[in-house]
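Everything below concerns the one structure shown next.
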Amino acid sequence: MDMRPFRPADLDGLLELTIATFGPFYEESFRGIVGDTVMVNQHGNWREDYRNQWQSLNDPDNGKYVIVAEDHDEIVGFIAWTMRQPKRSGEIEMLAVESGHRRHGVASALCAYVFDDLRRHGIEVVSLGTGGDDFHVPSRAFYESLGMTRLPVVVYYKAL
Ligand SMILES: CC(C)(COP(=O)(O)OP(=O)(O)OC[C@H]1O[C@@H](n2cnc3c(N)ncnc32)[C@H](O)[C@@H]1OP(=O)(O)O)[C@@H](O)C(=O)NCCC(=O)NCCS
């Protein structure tokens with residue numbers, strides 16, 4: 001497995017991986033928990049939202065970076081993060097590993113790369129937000145495997 005910085009030619013493949021990874025969250029987990037009205041109102045255009053988000057996820061002039069993990073020239077994962085040097089803090093914006101390549105240390109290697117990079121830039125703290133739902137069980141287990149501290153946050157919705 002190799003890691004390298006994002007290239008513009010990666011965009012379509014990364015968007016596809018993002019949609020394949022997080023589709024089950026929006027269409028099954030989130031919709032199942034909050035119902036159709038809230039789902040459509042909040043994330044009815046989630047595919048388009050990702051398309052837009054990817055336009056600015058890699059923007060080094062504004063402290064935003066992406067690296068990809070490759071296996072035999074095929075992208076199998078990525079991580080996007082933000083570095084806020086004035087606050088000496090960083091944030092993981094998005095992380096995904098292709099389903100057939102999970103539990104082989106890909107995300108661990110991506111995070112190790114990012115944490116080293118942040119440390120080299122004098123960053124003292126890294127954070128991220130993830131879900132408390134069943135879709136995110138692997139995600140929570142993963143971040144806890146890195147020794148990160150969990151802060152529970154609860155979000156409420158009501159269809160009016
Ligand atoms: C979360 C995710 C990125 C982990 O990627 P990964 O490459 O499989 O993670 P690693 O192989 O580096 O796992 C390292 C450790 O994390 C923990 N872990 C990872 N996945 C786990 C799972 N499904 N169940 C329990 N523990 C898990 C384990 O301790 C694992 O070590 P081990 O395999 O030696 O037991 C991947 O499952 C994924 O893409 N999920 C969907 C997208 C997502 O939830 N992204 C994060 C949202 S913020």
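Couple of notes before you dig in:
- When W54 is tested against (1) open to solvent by 20 Å² or more (accessible area, probe 1.4 Å); (2) more than 17 Å from M3 (Cβ to Cβ); (3) under 15 Å from the mean Cα position of the chain (by Cα), only condition (1) is not met.
- If you filter segment 48-102 down to residues that are among the acidic types (D, E) and more than 19 Å from I123 (Cα to Cα), you find that the one that is modelled with the lowest pLDDT is D73.
- Taken over segment 1-30, residues that are part of a helix (DSSP H, G or I), open to solvent by 70 Å² or more (accessible area, probe 1.4 Å) and among the charged types (D, E, K, R) amount to 3.
- Applying a threshold of 7 Å to beta carbon distances and a minimum spacing of six or more residues, or different chains, the list of pairs starting in segment 110-138 at a residue that is open to solvent by 70 Å² or more (accessible area, probe 1.4 Å) and ending at one that is at pLDDT below 95 and in a helix (DSSP H, G or I) reads H121/Q85.
- Of all residues in segment 72-89, those satisfying the criterion of being surrounded by 15 or more Cβ atoms within 10 Å (Cβ to Cβ), over 14 Å from the mean Cα position of the chain (by Cα) and farther than 13 Å from L17 by Cβ are M83, S89.
- Members of segment 125-155 that are within 14 Å of the chain's Cα centre (by Cα) and small (G, A, S): S127, G129, G131, S139
- Here I33 passes the criteria (1) touching a Phe, Trp or Tyr at 6+ places or on another chain (Cβ under 7 Å); (2) closer than 24 Å to P138 by Cβ; (3) surrounded by fewer than 17 Cβ atoms within 10 Å (Cβ to Cβ) except the one numbered (1).
The values are calculated or read from the model by the stated rules, or taken from the named source; none is laboratory data. The structure displayed is predicted, hence computed values, not measured ones. Positions of Cβ are backbone-derived with ideal geometry, glycine not excepted, and every protein chain shown enters the neighbour counts. Accessible surface areas use protein heavy atoms only, side chains included; no ligands, DNA or RNA. Shrake-Rupley method; radii C 1.70, N 1.55, O 1.52, S 1.80 Å.
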